[in-house]
Each structure stands twice: as structure tokens, then as C-alpha cells.
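Worksheet: one structure, shown below.
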Amino acid sequence: MSGGDAAGRLVRPFTLTGGRTRPSRADFTLITTVTAVDPAPARAPRPQPEQSRILRLCAEPLAVAEVAALVDLPVSVVVIMLCDLLEAGLITARPPHPVSRTSPDMDLLQKVREGLGRL
Amino acid sequence: MAGSDTIAPAPAPPETVKILIAGGFGVGKTTMVGSVSEIAPLRTEEPLTSASLAVDDLDGIEEKRATTVALDFGRITIGQDLVLYLFGTPGQQRFWFMWNDLALGALGAVVLIDVRRPKSSFAAVDFFERRGIPFVVGVNGFYGEHPYPAEAVRDALALPEHVRVLLCDARERDSCRNVLIALLDQLIEAAIEDGGGGRLIRPPR
Ligand SMILES: Nc1nc2c(ncn2[C@@H]2O[C@H](COP(=O)(O)OP(=O)(O)OP(=O)(O)O)[C@@H](O)[C@H]2O)c(=O)[nH]1
Ligand SMILES: [Mg+2]
């Protein structure tokens, strides 16, 4: 078992992920954006059908949660596939904007505030 | 990487931030997400092991049928380089273990209250208060009726002065937007107060 509290919480269906119980990469949060690398690196392994679907979806940047919703698979499964795609150099991942309670980012807050004001 | 200089640079993906829409069971969280989102709200289903549920909670759950917890979310494009995601937290108490993960990295939260049964959101208020996660309270009138003024709700919840309380209608886009704006105003106000202590002034290098 991989241990840790994440391991016990979510069933990890094994069919799509080759039976591995490797813990999710911490850098894939729900709002991490993933983008397919285009063109795909020449030496990259041939993606599985589900992976190809993901690659087509994230031709434009998409958040992990959006990918999961669009392919209709649990986030826990999608994250494992994204790990493989990242390892293969087929996608890039951008972490969310860091949020700190102790030193708030005023520029960010103002930007979100103004964006909402324009809605 | 070899040959990377011959590849046209892909447009940088936008930065992302999130806000939680929380509150008790059936108070209108998903409705609010849908009202302000620019896309039809998306949903993911996460299968759960029985290990994640307290033993008592398993009463009445069908054996074998996988239990799933649904997470719904929407998106607001703030600008070319910034996208805000809204996550409706699962309302049933037995799914609240997910709230901790969801709250990580969130700007803050909206705690929605059904004006007809405010008690159903007391625990949600406690959740964010205990963890020091900033939140505003949206009082969902359900039938557009607001029998109590915002201040009465504040008193009933024993909320501190800085927590904004808004009467709202989860079905109305403008109303929901105003609740989000109130959260941002509250965050900005808090940041300015902190800044008085010099935190916003970067030391010269
Ligand atoms: N009349 C009225 N109905 C509402 C309002 N908000 C939500 N509803 C309805 O109340 C029901 C529950 O609303 P949801 O938005 O699903 O509530 P929720 O908080 O997401 O519920 P859970 O996720 O199950 O906890 C739905 O049938 C909504 O259509 C409202 O402001 N007025
Ligand atoms: Mg809901």
C-alpha cells in the first residue's frame, strides 16, 4: 500500500491505470492546468485511447477538474493518467496561483474583483 | 529539449484560482455555481471506499452499489491570463472530509444559508471559522423572500463584524455575482489591514 490518508479515501479503479497504486502527484490539483505538447515529442510512447482523448481535449489549456468532467472519469483516475502523460512529455502542467493567508496578493485580489465587476 | 527553438511557443495557460460555495445539504450551492458560471456547471463523480465513511453513515447505503460523491464546479474567465473556478462543496455531512482538500489553496468561501432552515449551515460556518479560511455568508431566500434582515442572521450565527452577510437569490446571476464581489472586497479589506503592519511593503533589495 502506498500509505498516507489519500490512499484510503478513493477507490482507484485499476483497469485504466495498469494496477498501480502510486499516489497521485501532488502537483495535480483540481485547478492545475494541463496543456498538450504540440507537436508531441518524437520519442514519446504511443498514448492509450483514453490518453489520446485527454490529449485532444487539452489542446487548449484545461483544468484537471475539467478534464475529469469531460472524459467522465473520476479525478483520481485522470490524475494518474496525467502523471503518465507528464512523464512522457506529452503534456505540460501549470500549478494554480499560490494563495497565502499570511501575505495576501493584493494585485491578484484586485484583478479578480475587477473581473467580477465586469460580469 | 532538442529542437525546442523550432517549435512555436504555445500560449501560456491562464493562472487559476478558486472559491468554494459551501453550506448545508440542499441550500442552493449547485444552483449558485450554475448562476454565475460561464459554462454549464461541470460535474465529476468520485468513487468512495467504505473506509472513507464513518460506520454509522453506512446505514441505509446500498451494499455493492458504489458510493460516489459528486463535485460540481463552474468557471469565470477573469482575463486572458486568469480563470476563477467555483466549486460547490458536497452538502451531505458524510462527504465533508473532502472539504479539507477542496479548501486548500482557495481564495475563500461563500457559506450559503437556506433562510428557512439556517441551522443546516451552522456546521459549515464552524468549518471555515476554525480553519481561518475567509468566508462571507449568503442568505438564500429560496422564494425570493427574506424574512430576516442580514444583521439578524449575523447575530444568530454570532459572526464577527468583518464577515459580510448578504441576502441573495441563488438563482439570480447578479445576486450571486454580488456575493462573490463581497467576498473579494472582504479579502481586500483584510489585506489592507494586514498591510498596515508592513506586510504588503516588500523590503528593498
Ligand atoms: N425556489 C428556489 N429553489 C432553489 C433555490 N436554490 C436552489 N433551489 C432548488 O433547491 C434544490 C437544491 O438546490 P441545489 O442547488 O442542488 O442545492 P445544493 O446545495 O447544491 O445541494 P447538495 O449539493 O445536495 O447539498 C434544487 O431543486 C434547486 O432547484 C432558490 O433560491 N429558490
Ligand atoms: Mg449540490
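The values are calculated or read from the model by the stated rules, or taken from the named source; none is laboratory data. None of the values given here were measured: they were computed from a predicted structure. We place every Cβ from the backbone using ideal geometry, glycine too, and count neighbours over all the protein chains shown.
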Somewhere in region B:151-167, is a residue in contact with a strand residue (DSSP E or B) (Cβ under 7 Å, 6 or more places away or on another chain), within 14 Å of ligand 1 (Cβ to nearest atom) and more than 14 Å from chain A (Cβ to nearest Cβ)? yes
Just name the residue that is farthest from A:LEU108 (Cα to Cα) out of those in region B:158-186 that are without any contact (Cβ under 8 Å) to a residue 24 or more places away in the chain and in a loop (DSSP other than H, G, I, E, B). B:ALA158
Cβ-Cβ distance below 9 Å, separation of 6 or more or different chains: which pairs start in region B:89-113 with a residue that is on the phi > 0 side of the Ramachandran plot and end on one that is crowded, with 16+ Cβ neighbours inside 10 Å and of a type in the set (D, E, K, R)? B:GLY105/B:LYS18
Can you tell me which of (1) away from chain A (no Cβ under 14 Å); (2) free of Cβ contacts under 8 Å to residues at least 12 places away in the same chain; (3) not charged (D, E, K, R) is the one B:GLY132 doesn't meet? (1)
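Looking at A:PRO45, A:PRO61, A:PRO104 in this structure, which one is surrounded by fewer than 19 Cβ atoms within 10 Å (Cβ to Cβ) and either farther than 17 Å from B:LEU86 by Cβ or facing chain B (nearest Cβ under 8 Å) (or both)?
On the way: A:PRO61 fails: surrounded by fewer than 19 Cβ atoms within 10 Å (Cβ to Cβ); A:PRO104 fails: surrounded by fewer than 19 Cβ atoms within 10 Å (Cβ to Cβ).
Selected residue: A:PRO45, the only one of A:PRO45, A:PRO61, A:PRO104 that is surrounded by fewer than 19 Cβ atoms within 10 Å (Cβ to Cβ) and either farther than 17 Å from B:LEU86 by Cβ or facing chain B (nearest Cβ under 8 Å) (or both).
Condition check ((1) more than 26 Å from A:ALA42 (Cβ to Cβ); (2) in contact (Cβ under 8 Å) with a residue 12 or more places away in the chain) across all residues:
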{"site": "A:LEU86", "(1), (2)": "no, yes"}
{"site": "A:ILE91", "(1), (2)": "no, yes"}
{"site": "A:PRO95", "(1), (2)": "yes, yes"}
{"site": "A:SER103", "(1), (2)": "yes, no"}
{"site": "A:ASP107", "(1), (2)": "yes, no"}
Residues of region B:80-97 that turn out to be out of contact with any strand residue (DSSP E or B) (no Cβ under 7 Å at 6 or more places or on another chain), within 16 Å of ligand 2 (Cβ to nearest atom) and either aromatic (Phe, Trp, Tyr) or in a strand (DSSP E or B) (or both), as a count: 1
Report yes if some residue within region B:187-198 is touching a residue at least 40 places away in the same chain (Cβ under 8 Å) and more than 14 Å from chain A (Cβ to nearest Cβ); otherwise report no. no
So, first residue within 14 Å of chain A (Cβ to nearest Cβ) in region B:25-37, second residue among the acidic types (Asp, Glu) and within 8 Å of ligand 2 (Cβ to nearest atom), Cβ within less than 9 Å, six or more apart or across chains; the pairs are B:THR30/B:ASP72; B:VAL33/B:ASP72; B:GLY34/B:ASP72
Could you go through region B:77-85 and let me know if any residue there is surrounded by fewer than 16 Cβ atoms within 10 Å (Cβ to Cβ), under 26 Å from A:GLU60 (Cα atoms) and polar (S, T, N, Q). yes
Hits in region A:66-101 (condition: at the interface with another protein chain (Cβ under 7 Å from one of its Cβ atoms), among the charged types (D, E, K, R) and in a loop (DSSP other than H, G, I, E, B)): A:ARG101
Taking the criterion of being acidic (Asp, Glu) and either at pLDDT below 95 or touching a Leu at 6+ places or on another chain (Cβ under 7 Å) (or both), would at least one residue in region B:159-167 satisfy it? yes
